[in-house]
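One structure is given here, and the rest of the page talks about it.
Rule-based calculations on the coordinates, nothing more; no lab input. These numbers were taken from a predicted model, which means no experiment stands behind them. Cβ coordinates were reconstructed from backbone atoms using ideal geometry, including for glycine residues, and neighbour counts include every protein chain displayed.
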Amino acid sequence: IDGDPPGLHEKAEYLLREWVNMYHSPAAGRDSTKAFTAFVQQMHQQGILKNDDVITRFFRLCSEMCVDLCYRAMGEATGTPPTNQALIRAKCFYTLDAFVRLIALLIKHSGDNANTVTKINLLNKVLGIVAGVLLQDHIVRMTEFQQLPYHRIFIMLFIELNAPEHILENINYQVLTAFCNTFHVLRPAKSPGFSYAWLEFISHRVFIGRMLALTPQQKGWGMYAQLLIDLFKFLAPFLRNADLTKPTQMLYKGTLRVLLVLLHDFPEFLCDYHYGFCDVIPPNCVQMRNLILSAFPRNMRLPDPFTPNLKVDMLTDISLPPRILINFASKIQPAQFKKDLDSYLKSRSPVTFVSDLRSYLQSSEPGTRYNIQLMNALVLYVGTQAIQFIHSKSLTPSMSTIAHSAHMDIFQNLAVALDTEGRYLFLTAIANQLRYPNSHTHYFSCTLLYLFAEANTEAIQEQITRVLLERLIVNRPHPWGLLITFIELIKNPQFKFWNHEFVHCAPEIEKLFESVARSCM
Amino acid sequence: PLGPVPLSRENFYQLQMLEAAYHHLPHPSDSERQRSFLPRNPCPTPSYYPQLPPPSADSVEFFQRLSTETLFFIFYYMEGTKAQYLAAKALKKQSWRFHTRYMMWFQRHEEPKTITEDYEQGTYIYFDYEKWCQRKKEGFTFEYRYLE
Amino acid sequence: PGIDLTTLGLNLNSPENLYSTFQSPWVDLPCRPQDIDYHVPTEYLTN
């Protein structure tokens, strides 16, 4: 910033003013192309296009001038009625939209049509500059920071670069990637003052449409999942304590709205990335997690979980593995632990592995004594290995085929050896796999019921019930796999569910079970 | 079940910044092109006024049930939006055709007297947006190069 | 108990997709046709 050549600031100011006038003049022509052709000459004459460094400084200076203009307009109008708010916005957008059009035209016309690299490099440069100005502004102004100018530049540039034009279609995937990278850099944890605009942008109909619907081979899904994970990570500490201030409540409700749109329009996306989302959503965030776990592929017909004598193991989809696009096995660290785990699963040795498990799972992270990510990865990895093992014997998961195996040794040890907190996280990791009919839902449903049946203390049975119940008593939606597991638990006499003391421990609990049982029956 | 976790200093900073941002949330118009003629100006209306658009208000079928004057209003006052696009579609289904030079909608009043490769000539009804009314034009030549 | 998610202004039973008229995470109303920017033929930009 310090090294701007003398006079460059004045030049940039003159040129920006000039361009804004040209952009708004009737002679600008269709999409401002006439004005742009004339203006590029001026940029050449002023030496702005001389080299990369000058162009970079020019964009930064223009960004800063646009931002300053907005702060001045908003500063003049503090406390004005809503109608004036519209006037202030019109004033800001008068310059911002012109600046965006200039950027879009420079990107479209830089290098020849075939040369997409120069276009994308320029886009990344501009996005990086605007992001840099935002982060700098965010630090300097603190609670006086305003998202408006940055949000307008990003969203209008995105819409301009997603117009149905051949040049732009050619570079669309790189455009999406550039914006996703920028919004990952600007994630709420890094610029909390920009959070609302950030969620507004990533939930914009054009952005969602491009990322999740129009880009072929779902190539935008991984990037979009990463942005949602950024959002969940930011919300996690506040949701974890369940004491939401109004601002966090607003952001949380906005997140639920976006997730509902995804559940309705792109359930397969939520299915594919559920693991990554559940890895960062706090365990007590039951309803939001249920919403994600309730997603099922649109071409799948779910049998009514309340169907009497539903034969889950006879369902066609129940033996098919779900698509999980997060590499959960790589999260089992350290390498020695993974090596011992594989060795134990293969040959039940080293015998000490199971008793050492608890120490591996403990964490020094403040606020939790267990490494939740490792717990989740271990449970899913052991479960998938178990399913493979059972299928290799041409069997299907059932209360008998899952028993007496290295895999079940591990699960039973965790159920017995962990303390209440650890076991809650362990059971939560299992319950997070109870989704639509697939081989994971089937195996983990059997596992939970098996752990209940084989438990050596009532405390374990109570906690299994608790983990299921807390997911059932929240508002809808409820995952299909959760419902069929609980129904089996309360209906199958093998589990003697209603005989347990904890079921009758208090009148309101008894009523609760009966009401849940009634709704299940 | 896990109990609360004390927020870190960074969390408090984030809350503080979020609180400040909460007082100037993005407005839907921040993500839309500027509307020169009908900017969003939310104003409270009595609750018994319809607060929601009628169902399937964004379908061509709905627009086809609107009067032509309404369609012309939408076409000229909601420029660059999906509403304008749907209004144009509905007008075309009612045999209106857009003259790109006069920027007006024309409809044949009767079979044209002359039809050639390049134009047709006859009596037309057109909607004059300056006088905001439909008018008849006899002996008008509609050059096909101006047909959208 | 969480939130009754049917009260967030989204028509969860809609046969159409929701994202193309999704207005904002802070607004419980869908976009109206006049709110949605559309790449109309340039001849329509009469103003």
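Descriptive notes on the structure:
- Look at the alpha carbon pairs under 8 Å that are at least 6 residues apart: their mean separation over the length of chain A gives a relative contact order of 10 percent.
- Mean per-residue shielding of peptide B:74-87 is 6, counting Cβ atoms of other chains within 10 Å of each Cβ.
- Magnitude of the charge dipole, the range A:21-73, Cβ model with Lys/Arg +1 and Asp/Glu -1, debye to 20: 140 debye
- Proximal aspartates and glutamates to B:LYS113, defined as alpha-carbon separation beneath 15 angstrom and excluding residues fewer than eight positions away on the same chain: B:GLU138, B:GLU143
- In order along the range A:342-350, phi translates into HN-Hα couplings of 4, 5, 5, 5, 7, 9, 6, 9, x Hz, rounded to whole numbers, per the Karplus curve 6.51 cos²θ - 1.76 cosθ + 1.60 with θ = phi - 60° and x for Gly and Pro.
- Compared with the dominant Cα axis of chain A, that is its longest principal axis, helix A:116-141 is turned about 80°.
- Using alpha-carbon coordinates, inclination of helix A:458-472 to the longest axis of chain A, degrees: 40 degrees
- Applying the Kirkwood pairwise sum to the alpha-carbon positions of the range B:29-94 produces a hydrodynamic radius of 13.2 angstrom.
- The reciprocal of the average 1/r between distinct C-alpha atoms defines the Kirkwood hydrodynamic radius, which for the protein assembly as shown equals 29.2 Å.
- Global size of the range A:8-61 as Cα Rg and Dmax, reported in angstrom: 11.3, 33
- Taking only alpha carbon atoms, the range A:331-371 gives an Rg to Rh ratio of 1.04, where Rh is the Kirkwood radius.
- Based on C-alpha pairs under 8 angstrom that are at least 6 apart in sequence, the range A:161-319 has a relative contact order of 18 percent.
- Local charge for A:PHE353 was computed over the other residues whose Cβ lies under 15 Å away, with Lys and Arg +1 and Asp and Glu -1, and equals +1.
- Computed from backbone phi with θ = phi - 60° and the Karplus coefficients 6.51, -1.76 and 1.60, the 3J(HN,Hα) list for the range A:222-232 is x, 5, 5, 4, 4, 5, 5, 5, 4, 5, 5 Hz; x is used for glycine and proline.
- Between helix B:82-93 and chain B there is an angle of about 20 degrees, using the helix long axis and the longest principal axis of the Cα atoms.
- Around the amide H of B:MET104, modelled in the peptide plane, lie the amide H atoms of B:HIS99, all under 5 Å away and 5 or more residues distant in sequence or on another chain.
- Paired Rg and Dmax values of the range B:1-130, which use every Cα atom, in angstrom: 24.9, 86
- Secondary-structure-derived ellipticity at 222 nm for chain B, considering helices only, amounts to -8000 deg cm²/dmol, per-run term -39500 (n - 2.57) for DSSP H runs with n ≥ 4.
- Direction-averaged projected area, Cα convex hull, the range A:278-388: 9.6 nm², rounded to one decimal.
- Calculated translational diffusion coefficient of the range B:82-148 (10 °C, 1.306 mPa s; Stokes-Einstein with Kirkwood radius over alpha-carbon pairs) equals 129 µm²/s.
- Selection from A:TYR14, A:PRO334, A:GLN42, by position along the positive dipole direction of chain A (Cβ): A:GLN42
- Rel. contact order, % - alpha carbon contacts under 8 angstrom, at least six apart, the range A:364-454: 34 percent
- Shown here: the range A:154-241, whose C-alpha atoms stretch 49, 26, 19 Å along the first, second and third principal axes, sorted largest to smallest.
- With one equal scatterer per alpha carbon and no solvent term, the Debye-computed log10 I(q)/I(0) for the range A:430-489 at 0.12, 0.17, 0.22 1/Å reads -0.26, -0.51, -0.83.
- Estimated from helical segments only, the mean residue ellipticity of chain A at 222 nm is -21500 deg cm²/dmol, where each DSSP H run of four or more residues counts as -39500 (n - 2.57).
- About the centre of its Cα atoms, chain A shows a dipole size close to 620 debye [charges on the beta carbon of Lys, Arg (+1) and Asp, Glu (-1) only; nearest 20 debye].
- Gyration tensor (Cα) of the range A:418-521, equivalent ellipsoid semi-axes in angstrom: 19, 17, 13
- Long-range HN-HN contacts of A:LEU302 with modeled amide H, under 5 Å: none
- Per-residue mean of foreign Cβ neighbours for A:251-263 is 5 (Cβ atoms of other chains, 10 Å radius).
- Placing +1 on the Cβ of every Lys and Arg and -1 on the Cβ of every Asp and Glu, with no other charges, gives the range A:338-422 a dipole of roughly 280 debye about its Cα centre.
- Compactness of the range A:232-310 - radius of gyration and Dmax, Cα, Å: 14.5, 47
- Charge dipole (the range A:232-337, unit charges on Cβ, about Cα centre) - positive-most of A:CYS271, A:LEU310, A:GLY254: A:GLY254
- Gyration tensor verdict on chain C (Cα atoms; rounded if a/c is under 1.5, prolate if a/b is larger than b/c, oblate otherwise): prolate
- For the range A:347-460: span of alpha carbons on each principal axis (Å, largest first): 44, 33, 27
- Here A:LYS233 is the anchor, and the lysines within straight C-alpha reach of less than 21 Å, apart from those fewer than 8 places off in the same chain, are A:LYS190, A:LYS246, A:LYS253, A:LYS331.
- Peptide B:7-19 is shielded by partner chain Cβ atoms: per residue, an average of 6 of them sit within 10 Å of its Cβ.
- Exceedance of the 25 Å cut-off in Cα-Cα distance is limited, within the set A:LYS311/A:LYS511; B:LYS92/B:LYS136; A:LYS50/A:LYS108, to A:LYS311/A:LYS511.
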